Amino acid sequence: MIKAWGVCAVFALCGALVSCSSKAKAVSMTAALDEADRYIAQGYPKDALKILSSCEKRILNPMEAIGVYKRYMALDQKKAAEKILKNNLKKNPDNLELNAVYTYFLDKAGKSDEAYKRAASLRGTRYGSLYAEYYLRREAQEEMERRQDFYLSPEMQAVYIDAYNGSGDNSWLRNAALSSMKKGEYGDAAQMAPEQMKSSSDAYFWALVYYDNKKYGEAAESLLEAKTALDKKEDRFADGIAENRAVSPIEVASLLSDCYVNMGEDKAAQEIRNELISQISLGAETSSAAEVGSTESLLGTMYLNSALYALQKNDERAAYNTLTFITQKWPDNVSALIAYGNFAYNSSKRIMDDPLTKSLRDAGVVSTDMKRFDETPRVSVSDALLRMKESVARTHNDTLYVAALELEDKIDDSSDDRSRLGRMYRVLERNATGADLYPEPIAQYAVHTLLRLERCDEAKEMFLKYLTARYALGKDRDFEEDLVLSLPKMSVWETEYAAYFAAVEKNTDLTKRLYEYAVYETGFSSAYGGTEISPAAATESAVNLAMIYSSTGNKDKALELYGRAQSRATDNYLRSEIMYRLACIYDAKKDAAAAVKALEYSLYLNPANGSSRLLLGKFKQ
């Protein structure tokens, strides 16, 4: 009896200990969350994050998980917040509170389809109103899409044209044009443009139609009409019919400068940008109903293009002034911060400390190059990195995060390949969103790093696992078949890397299909009959596809594509290589004169191109 009683007492004591321990942990969690709240309120986010990180391991129930989630959200740590919800939903998949909070999170993150699916589990519960809201919203959206399909149908297009013929109101023609553009018939849409524009917004609309149809001259003419109307601070109206809104001068100037760039008139494009920037700097009033604040993104892009133009013209002072202004005015402009980082790196690499320069300086002599070097403004790389990292902390932008990593790699002379490899894998581990899944910029960074370190097999394995996980390849069909069927969902960089690795495996048919998709079927390229190189595709992809055409006997198609790639390439080394490959095709076609001409131009672009020099020597023997 005594023994039995003793065992019962031990069990009772253990039960008491467990109970007390749970209570103590709960009290400790509450105190920790209160402390995190104090740090958040006092503006010490790092200290709050340390506490929340330690709380993650001690979560006992869904309500505590939601408490930690809320603090992460208050600190704008969305990845950490979602991780808390997902981990605790694995343990408590039927918990209403967790499902309701995660549904709300997904909706605010713009993942409406996922939110709608998860909301279905809340039907008939005290959180059923969430499901009702998403259901009604989806029905309204689908109804809007059905109505849009009707209003942009061929039947309605004929109605719009009749209405225009009877009223002379250009807005009917715009509706008709939209119907054609929805079907990708940009040429038909452009032919509907009226002889006279009735207002700045009317002219801007038709400029967009012309621009999408690659008729940059006509687009520029329409934009100049819009600009004239805005400069006069009055719009012309037909029969008293007023426009809903006047177009912004920033919108007009931005598109007009892009037109000039596409026509090869970079100087004219810069003049348009300078004119607008000067007006804004002087505080000039605009005739637009839209304020500058509503077109901040376009304005930032115009400033950035001005900086890039200055760099192209070797005007470092103007580039420095503009980039400095942009990064201060728009501290989270990703493209500007990356350009600022590149400027900082390039300016830090310029040195003139050779013995001859030193001796000239000692003698009080300053050459033109030395003077230009002394006057060149410089940006500290550490300053650029600080700005980039501060922006990443605010925005969690993966593209900028990767750009900062790559800039650090450039300036880190002490690291060897092994340490860079280890760093890359740590980045993958910290940013994984699932098994073999990562944000796109992180995955691209990892593949690029492995290839740069000449670890091709490792890069291919990592990339194919990532593709398989992201697009569920090879489950119901053959991997290669699934890959081709998934192309419309894939990013261009994914398609290009897939093509590269297919080429490594000497799978010519797959390589050709993947490169053709990247070059001809992404962006707006497919709307022009598959002849234009997609703006999203890398020029190198077009060069590789042309090489495949050439090696498979389609010399004429290869010549055409090499020519298009040559016209869009900006790097002289690449342009030189393209001219060499053109020369090889001309040689195969027995056109010695064209081959020699191409080789001479190749060497002009890059005198160190040994392949071109060797082939040219054979012709001149």
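What follows draws every value from the coordinates through simple rules; no lab data is involved. Remember, it's a predicted structure, so these values are computed and weren't measured experimentally. Cβ: placed from backbone, ideal geometry, glycine included. Neighbour counts: every protein chain shown.
Let me have the 222 nm mean residue ellipticity of the chain computed from DSSP H runs of 4+ only, each contributing -39500 (n - 2.57), with the sum over all residues rounded to the nearest 500.
Details: 32 runs with 454 residues, N = 621.
After summing the helix terms and dividing by residue count, I get -23500 deg cm²/dmol.
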Report task. Determine the dipole magnitude for region 59-155: charges of +1 sit on the beta-carbon of Lys and Arg, -1 on that of Asp and Glu, nothing else is charged, the reference point is the Cα centre, and the result goes in debye to the nearest 20. Result -> 600 debye
Query raised in the report: Rounded to the nearest whole Å³, what is the per residue volume of the convex hull around the Cα atoms of region 432-472?
Result: 52 Å³
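Please report the orientation-averaged projected area of region 53-168, defined via the convex hull of its C-alpha atoms, in nm².
Values: hull surface 43.2 nm².
Quarter of the Cα hull surface area: 10.8 nm².
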**Report entry** Taking only Cα atoms of region 380-515, radius of gyration then Dmax in Å
**Finding:** 16.4, 53
Query raised in the report: How far is helix 456-471 tilted, in degrees, relative to the longest principal axis of the Cα atoms in the chain, given as a value from 0 to 90 rounded to the nearest 10?
Result: 70 degrees
Query raised in the report: Which three lengths, in whole Å and largest first, does the chain cover when its Cα atoms are put on their principal axes?
Result: 112, 78, 62
Report summary line: With Rg from the Cα atoms and Rh as the Kirkwood inverse mean 1/r over Cα pairs, region 105-194 has an Rg/Rh of 1.25
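When the dipole is taken about the Cα centre of the chain, and only Lys, Arg (+1) and Asp, Glu (-1) are charged at their Cβ, what size is it in debye, to the nearest 20?
Working: 81 positive and 90 negative charges, 473 e Å.
With Lys and Arg at +1 and Asp and Glu at -1, about 2280 debye.
Exceeding 26 Å between C-alpha atoms, which entries from my cross-link table qualify? They are 329/389; 46/465; 111/465.
On the way: 329/389 17 Å; 46/465 34 Å; 111/465 24 Å.
Too far apart for the 26 Å limit: 46/465.
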Report summary line: For the chain, the longest principal axis of the Cα atoms and the Cα long axis of helix 296-312 enclose an angle in degrees, to the nearest 10, of 50 degrees
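Could you please report the charge total around residue 591, scoring K, R as +1 and D, E as -1 over all other residues with beta-carbon less than 13 angstrom from its beta-carbon?
My count for the surroundings of residue 591 gives +2.
Can you tally the net charge around residue 461? Count Lys and Arg as +1, Asp and Glu as -1, for every other residue whose Cβ sits under 13 Å from the Cβ of residue 461.
-1
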Requested in this report: Measure nothing but the geometry: give the 0 to 90° angle between the long axis through the Cα atoms of 440-452 and the longest principal axis through the Cα atoms of the chain, rounded to 10°.
Outcome: 70 degrees
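Net charge around residue 186, counting only other residues with Cβ within less than 14 Å of its Cβ (Lys, Arg = +1; Asp, Glu = -1)?
Value of the local net charge: -1.
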Query - Per-bin percent of Cα-Cα distances, region 559-621 [5 Å] - result: 4, 22, 33, 25, 13, 3, 0
**Report entry** Cβ-placed point charges (K, R +1; D, E -1), dipole of region 139-190 about Cα centre in debye, nearest 20
**Finding:** 180 debye
Query raised in the report: So what's the gap between the Cα centers of region 412-446 and region 30-80, to the nearest angstrom?
Result: 27 Å
Report summary line: Along the dipole axis of the chain (charges at Cβ: +1 for Lys and Arg, -1 for Asp and Glu; origin at the Cα centre), the most positive-end residue among 73, 599, 326 is 73
Report task. Would you list which lysines come within 21 Å of residue 227, measuring only between C-alpha atoms, while excluding same-chain residues fewer than 8 positions from it? Result -> 198, 214, 215, 267
**Report entry** Taking the C-alpha atoms of region 450-582, convex hull volume expressed per residue in Å³
**Finding:** 116 Å³
